[in-house]
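S.K.: First, the structure itself, so that you have it in front of you.
The values are calculated or read from the model by the stated rules, or taken from the named source; none is laboratory data. All figures in this text were calculated on a predicted structure; none of them were measured in a lab. When we count neighbours, we look across all protein chains shown, and the Cβ atoms used for this are built from the backbone with ideal geometry, even at glycine. We work out accessible area using only protein heavy atoms, side chains counted, and drop any ligands, DNA or RNA first. Shrake-Rupley method; radii C 1.70, N 1.55, O 1.52, S 1.80 Å.
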Amino acid sequence: MAKLHVSTTINGEPVEFLCEPSDTMLDALRGPLGLTGSKEGCASGDCGACSITLDDRLVCSCLMLAVEAEGHALQTIEGMAHGDKLHPLQQKFLEMAALQCGICTSGMLVASDALLRKNSKPSEEEVRFWLAGNLCRCTGYDKIVRAVMETADEMREAAQ
Amino acid sequence: MNVVTNNKWIGERTIRPDGADKVTGRAAFAADTNMPGMIWGKVLRSPHPHARIKSIDTSKAEALPGVKAVVSARDVVDFPVDKSVMLGIQDMRWMCRNVMAREKALFPGHPIAAVAATTEAIAAKACELIEVEYEVLPWVIEIDDAIAPDAPILHDFMKFEGKPSNIGGRLEVKKGDVAEGFAQAEVIVERSFTTRPVHQGYIEPHACLVSVGADNKTTIWSSSQGQFMVRAMTAYLTGIPQSDIRAIPAEIGGGFGGKTIVYLEPLATLLAKKSGRPVKMVMTREEVMRATGPTSGSKSTVKIGAKKDGTIVAAQGTFYLQAGALPGSPNRGAVGCSFSPYDIPHVLAVGFDVLSNRSKVAAYRAPGAPIGAYAVECVLDELAEALKMDPLDLRLKNAARQGTKAAFGPVFPRIGYVETLQAAKSHPHYSAPLGKLQGRGVASGFWFNAGGESSAQVNITEDGNVVVTTGHPDVGGSRAAIANICAELLGIDYKRVSVLIGDTATIGFSNLTGGSRVLFASAIVVTQSTDKIIATLKERAAKIWDIDPEAVKWENGAAHPASPNAGQFEPLTLAELAAKAPSMGGPIGAGVQLNTEGAEGGFGTHICDVEVDPELGIVRVIRYTAVQDVGRAIHPGYVEGQIQGGVAQGIGWALNEEYIYNKSGKVDNPGFLDYRMPVCSDLPMLDTVMVEVPNPKHPQGVKGVGEVPLVPVMAAVANAIHNALGKRFYSLPMSPPVVLEVIEGPETRQAAE
Ligand code: FES
Ligand code: FES
């Protein structure tokens, strides 16, 4: 069967790619598109390592078909920093040691960014439930939750 | 060796050298690398828990267009069962049978054959076309069934006490005479416990990419806890000499012990050799759950006797640990660590290695120690209750100290166990009020910690900066700590120090990232290398100034003339000396390779608060404080991180995680949905208290920290649940159905249903 052609926008850039009908968006990102920042921990929507946003909605790219990207706008971890300027969440994760092995980090950052876009002042409980779909086996989440809350505080202050 | 005290970088929360790549998605983990011409490998796995392999016909698979190579046990080097060939703690007889089933398939998921094809889909299709004739055999999963007199025997060659048996070995640790000890006891508590196998749960599945040239020169990209282990095991299993294999460590997405052995690398190497194409293999989560790790399930009995004043006089433990289908339970941790926090005159700990038709266990954070400590620390809680003593006071009264002889052999030097107990006792957490259905528990734990082989090369660049190469994969921030140490010694900004993990061709042999050894060992070789460099720098400055090298001191990143020449010359900075290097004797660099010694054991004491929902049986940890003697926290952020991560894993082990088997002997929950690891909303903040009793045998006072924090957790949680409910639990996990059953009693539950 011939491959399907998809036109989409990824991290603000127009992009075209070919895929099998059964390919997931994660397959496409990590394969033909060469965007390996999104990770595959489970391929079943349980770990969040593959988190991206689709028109600003947080999704597991392993649960999305690649062809569904047609005409939409995707954001991946590779689009988070601006040039050499890290996003405040990225910076805070580094400062607060909110990553150990780093395999969950892309997904955590994308998910945390999606949270802060919706809710600039999340409580600890809101952060914990929002990130409940992003598994981290290394950190026990403590430093991740703190980093997200501190970033939210700083971003609010900066916005004032 | 002197312990450094006045520090600029040691103890600082610097930004890790590999940090930016990890927050931007650039870091290359095992599955992130591709090669031109690369094809994909897949493994055909046994559907049966136990079956003799009568024949394997790969002809249909080989005929499928796109298939480039098929391999089976025939292609893997055989290590006959009658002669042990050890690599570290792994026996190649078992490794060769674990990577590819040989005479028999021993668990569902056991590799039978592997295929390489132009696409993953074709490789998977080809696996289905392989015809395997099995003679299905009776199988056994649980410990009691495996040691029953009529149990199906996994390996005819394995004998215990002269008879064919599933017991693969017995390990004993002994001190004094327990019979005599118990005769003196006034209070004795004896209880039996069970735990279930739990998986290390790293989020990154095993993956590798292997290229083999026509001359056999082999390059392996994979994530593991040791590129030298990958090289050696692949060499053993494929017959390619180690010198022809270059194993490149990818960034590793978690290991926790589970990546201290190989699964895919030898298969990919054989496929790459046969096909002449680079081969990439990536496990699915289901394959990870079915065929890698986990750690043992167990059954144990612990008996402790004390005088009425709380002096413990005797302790005995019997531990049965599941090995999976091939020998190798972590009995050493169970028998060696469990009683080690205590000064007990009479100790007997015995461990049995029990085989059954499960995947072969792999190391998991302080292997065996958490299983033993769970039983011991729960019994101590009951003993404290019987003696009407505070559980921390009971531990303080019996705590191991400097001079205590541990049952497993050594006499402890200056250790910080007592300090952890005191810090726990005076912590506000310990006296905070508790609400209804809430309870508090404490427990302690010990882990040996390891030293072993390490290599480092430190080079000064032409512009006067520093590149440090070591040989241990960095799982949790070790590069950051190494940068801190090197910057401290050289007196320069830590940002001027790059820290890299070398591959097997570019750095000397370095043993596994395991045993909590990485920073302990690499700090020693990095310190010695840096000291050599400083000596060279001082010599060169002395030459320029025409004074004695002894009269030069190194401070703040520069050579200074010391008395009697103090102030006579302008200091020469690292950058200036680097610039002069070509005319002053050449490049500046030094390397050290050592078998490091002096890794002292680590101790921790934990306080856990839980709240129980009596309707649903759900236990929530609502507050947690982990106190640990960390020696010296070189990078406190990552030390705390190790402690918090260990605690989170322990909470999962205590409350939810377990392998569930169905009636046909297969794991029924091989994914993250049903194998329930703690998620963010399950946990509270995890407080840490780092007690720093420097290791006198280490230049910076470092002790291993990574494994201790898992050891006390399950008992701390169990003891807290008892405190909340007044009921004891003797098995893990204490998951909602189990908790409900204990709260309501089996009859009440059935009636309600
Ligand atoms: S890989 Fe998509 S959720 Fe795990
Ligand atoms: S940092 Fe390793 S899984 Fe989160």
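S.K.: Using the Kyte-Doolittle scale, find the helices of chain A whose mean hydropathy is at least -1.0 and whose Cα atoms extend 18 Å or more along the helix's long axis, counting only whole DSSP H runs.
M.R.: Membrane-span-like by this rule: A:105-118, A:142-159.
S.K.: To the nearest Å, what is the center-to-center distance of region B:487-524 and region B:546-562, using C-alpha atoms only?
M.R.: Result: 26 Å between the Cα centres.
S.K.: Can you tally the net charge around B:W221? Count Lys and Arg as +1, Asp and Glu as -1, for every other residue whose Cβ sits under 13 Å from the Cβ of B:W221.
M.R.: Neighbourhood net charge equals -1.
S.K.: Based on Cβ point charges of +1 for Lys and Arg and -1 for Asp and Glu, what charge dipole magnitude is obtained for chain B about its Cα centre, in debye rounded to the nearest 20? Before the final figure, lay out the partial values.
M.R.: Values: 73 positive and 79 negative charges, 168 e Å.
With only Lys, Arg, Asp and Glu charged at Cβ, the dipole is about 800 debye.
S.K.: Moving on. Any idea what the relative contact order of region B:12-112 is, in percent, if you count C-alpha pairs under 8 Å spaced at least 6 apart?
M.R.: Numbers: 89 pairs, mean separation 35.6, N = 101.
Averaging sequence separation for qualifying contacts and normalising by length gives 35 percent for region B:12-112.
S.K.: Please go through the residue pairs B:K54/B:K259; B:K83/B:K666; B:K159/B:K360; B:K174/B:K299 and name each one whose alpha carbons sit more than 22 Å apart in this structure.
M.R.: Values: B:K54/B:K259 31 Å; B:K83/B:K666 31 Å; B:K159/B:K360 19 Å; B:K174/B:K299 20 Å.
Listed pairs above 22 Å: B:K54/B:K259; B:K83/B:K666.
S.K.: On to the next question. Go through B:347-354, B:274-281, B:77-84 and give me the packing order, highest mean Cβ count within 10 Å leading.
M.R.: Working: B:347-354: 25.9, B:274-281: 22.8, B:77-84: 12.2.
So the peptides B:347-354, B:274-281, B:77-84, ranked by packing, come out B:347-354, B:274-281, B:77-84.
S.K.: Along each of the three principal axes of the Cα atoms of region B:145-273, give the extent in whole Å, ordering the values from largest to smallest.
M.R.: 70, 34, 28
S.K.: Something else about it: Go through region B:683-695 residue by residue and turn each phi into a ³J(HN,Hα) via Karplus (6.51, -1.76, 1.60, θ = phi - 60°); whole Hz please, and just put x for glycine and proline.
M.R.: Rounded to whole hertz, the list is 10, x, 4, 10, 7, 10, 10, 9, 8, 10, 10, x, 6.
S.K.: Here is a follow-up. Name the trypsin sites (Lys or Arg not before Pro) in region B:293-366 that are in a loop by DSSP and that have at most 16 other C-beta atoms within 10 Å, would you? Please list the in-between numbers first.
M.R.: Details: sites: B:K299, B:K303, B:K307, B:K308, B:R332, B:R358, B:K360, B:R365; in loops: B:K307, B:K308, B:R358, B:K360, B:R365.
Answer in residue order: B:K307, B:K308.
S.K.: Which lysines, on any chain, are close to B:K273 with Cα under 17 Å apart, when same-chain ones fewer than 8 places away are left out?
M.R.: Of all the lysines, those that pass the test against B:K273 - Cα under 17 Å, at least 8 places apart if same chain - are B:K42, B:K68, B:K217.
S.K.: Now, a different point. Dipole magnitude of region B:410-543 about its Cα centre, charges +1 at Lys/Arg Cβ and -1 at Asp/Glu Cβ only, in debye to the nearest 20?
M.R.: I would put it at about 520 debye.
S.K.: Have a look at A:L99, A:L4, A:G34 and report the one farthest towards the positive end of the charge dipole of chain A, computed about the Cα centre with Cβ charges (Lys/Arg +1, Asp/Glu -1).
M.R.: Among A:L99, A:L4, A:G34, the one farthest towards the positive end of the dipole of chain A is A:L99.
S.K.: Please report Rg (one decimal) and Dmax (integer) in Å for the Cα set of region B:252-335.
M.R.: Radius of gyration, then largest Cα-Cα span, for region B:252-335: 20.9, 73 Å.
S.K.: I would also like to ask the following. Skip the ligands, DNA and RNA, and give the accessible area per residue of region B:537-602 with a 1.4 Å probe, whole Å². Don't skip to the end; give the middle numbers.
M.R.: On the way: 3510 Å² over 66 residues.
Spelled out: the 1.4 Å probe surface of region B:537-602, per residue, equals 53 Å².
S.K.: Can you pull the percent of chain B's accessible area that's carbon plus sulfur, 1.4 Å probe, other chains left in place? The partial results should precede the final answer.
M.R.: Working: 13290 of 26200 Å².
Looking at chain B in its full context, I get 51 percent from C and S.
S.K.: Separate question: What lysines does A:K118 reach when the alpha-carbon gap must be under 29 Å and sequence neighbours fewer than 8 apart in one chain are set aside?
M.R.: A:K39, A:K85, A:K92, A:K143, B:K22
S.K.: What does the buried accessible surface come to for B and A, summed over both chains, with the probe at 1.4 Å? Round to 100 Å².
M.R.: 3800
S.K.: Looking at B:T295, B:P733, B:V717, which one has the Cα that reaches farthest to the positive end of the dipole of the protein assembly as shown (charges on Cβ: Lys, Arg +1; Asp, Glu -1)?
M.R.: B:T295
S.K.: If the viscosity is 1.306 mPa s and the temperature 10 °C, what translational diffusion coefficient in µm²/s does Stokes-Einstein give for the protein assembly as shown when Rh comes from Kirkwood over Cα pairs? All intermediate terms of the calculation are to be shown ahead of the outcome.
M.R.: Numbers: Rh = 28.8 Å.
Answer from the Stokes-Einstein relation: 55 µm²/s.
S.K.: Among the GluC sites (Glu not before Pro) in region A:66-131, which ones are in a DSSP loop with at most 15 other Cβ atoms within 10 Å of the Cβ? Mind listing them? Don't skip to the answer; put the middle values down first.
M.R.: Details: sites: A:E68, A:E70, A:E78, A:E95, A:E124, A:E125, A:E126; in loops: A:E70.
For GluC sites (Glu not before Pro) across region A:66-131 that sit outside H, G, I, E and B with at most 15 neighbouring Cβ atoms in 10 Å, the list reads A:E70.
S.K.: Can I ask one more? If you take every residue apart from B:V627 with its C-beta less than 13 Å away from the C-beta of B:V627, what net charge results, scoring Lys and Arg +1 and Asp and Glu -1? Kindly include the intermediate steps, with their values, before the conclusion.
M.R.: On the way: positive: B:R395, B:K425; negative: B:E419, B:D629, B:E640, B:D687, B:E692.
My count for the surroundings of B:V627 gives -3.
S.K.: List the aspartates and glutamates whose Cα lies under 17 Å from the Cα of B:K104, skipping any in the same chain that are fewer than 8 positions away.
M.R.: The reachable aspartates and glutamates, counting only those whose Cα sits under 17 Å from B:K104, are B:D57, B:D75, B:D78, B:D82, B:E131, B:E133, B:E135, B:D156.
S.K.: Sticking with this one: What's the average, rounded to a whole number, of partner chain beta-carbon atoms within 10 Å of each residue's beta-carbon in B:648-654?
M.R.: 2
S.K.: While we're here: Taking a probe of 1.4 Å, how large is the accessible area per residue of region B:456-504, in Å²? Walk me through the numbers before you get to the answer.
M.R.: On the way: 1330 Å² over 49 residues.
Here the per-residue accessible area is 27 Å².
S.K.: Turning to a different aspect of this structure: Report the one residue of A:S44, B:V592, B:V627 whose Cα lies farthest in the direction of the positive end of the charge dipole of the protein assembly as shown (charges on C-beta: Lys and Arg +1, Asp and Glu -1; origin at the Cα centre).
M.R.: B:V592
S.K.: Another one. Determine the shielding of peptide B:246-253 by partner chains: average, over its residues, the number of Cβ atoms on other chains within 10 angstrom of each Cβ.
M.R.: Working: counts 0, 0, 0, 0, 0, 3, 3, 11.
Across B:246-253, the average partner-chain Cβ count within 10 Å equals 2.
S.K.: Using amide H atoms built in the peptide plane, which far-off residues or other-chain residues are under 5 Å from B:A443 H to H?
M.R.: B:H606
S.K.: So what are the ³J(HN,Hα) numbers for region B:290-304, from phi and the Karplus equation (6.51, -1.76, 1.60; θ = phi - 60°), rounded to whole Hz, Gly and Pro as x?
M.R.: 7, 10, 10, x, x, 9, 4, x, 8, 9, 8, 10, 10, 10, 10
S.K.: Rg(Cα) of region A:9-83 divided by 2.2 N^0.38 Å?
M.R.: Details: Rg = 11.1 Å, N = 75, 2.2 N^0.38 = 11.3 Å.
Its radius of gyration relative to the 2.2 N^0.38 Å reference: 0.98.
S.K.: Using modelled amide H (1.01 Å from N, peptide plane; none on Pro or chain starts), what sits under 5 Å from the amide H of B:Y134, excluding residues fewer than 5 places away?
M.R.: B:K54
S.K.: Another question, if that's okay. If I take every Cα pair under 8 Å that is 6 or more residues apart in chain B, average their sequence separation and divide by the length, what percent do I get for the relative contact order? Intermediate results must be reported in sequence, preceding the final value.
M.R.: Numbers: 1952 pairs, mean separation 116.1, N = 753.
Here the relative contact order equals 15 percent.
S.K.: Could you order the peptides B:711-724, B:590-603, B:436-449, B:140-153 from most to least packed, using the average number of other C-beta atoms within 10 Å per residue? Mind showing how you got there, number by number?
M.R.: Working: B:711-724: 28.9, B:590-603: 20.4, B:436-449: 24.4, B:140-153: 16.3.
Sorting B:711-724, B:590-603, B:436-449, B:140-153 by mean packing, highest first, produces B:711-724, B:436-449, B:590-603, B:140-153.
S.K.: Summarise the partner chain shielding of A:74-80 as one whole number: the mean count of Cβ atoms from other chains within 10 Å of each residue's Cβ.
M.R.: Values: counts 0, 0, 1, 4, 3, 2, 3.
For peptide A:74-80, the averaged partner shielding equals 2.
S.K.: On to the next question. Sequence gap at least 6, Cα distance under 8 Å: using those rules, report the relative contact order of region B:246-352 to the nearest whole percent. Before the final figure, lay out the partial values.
M.R.: Details: 103 pairs, mean separation 20.6, N = 107.
RCO, region B:246-352: 19 percent.
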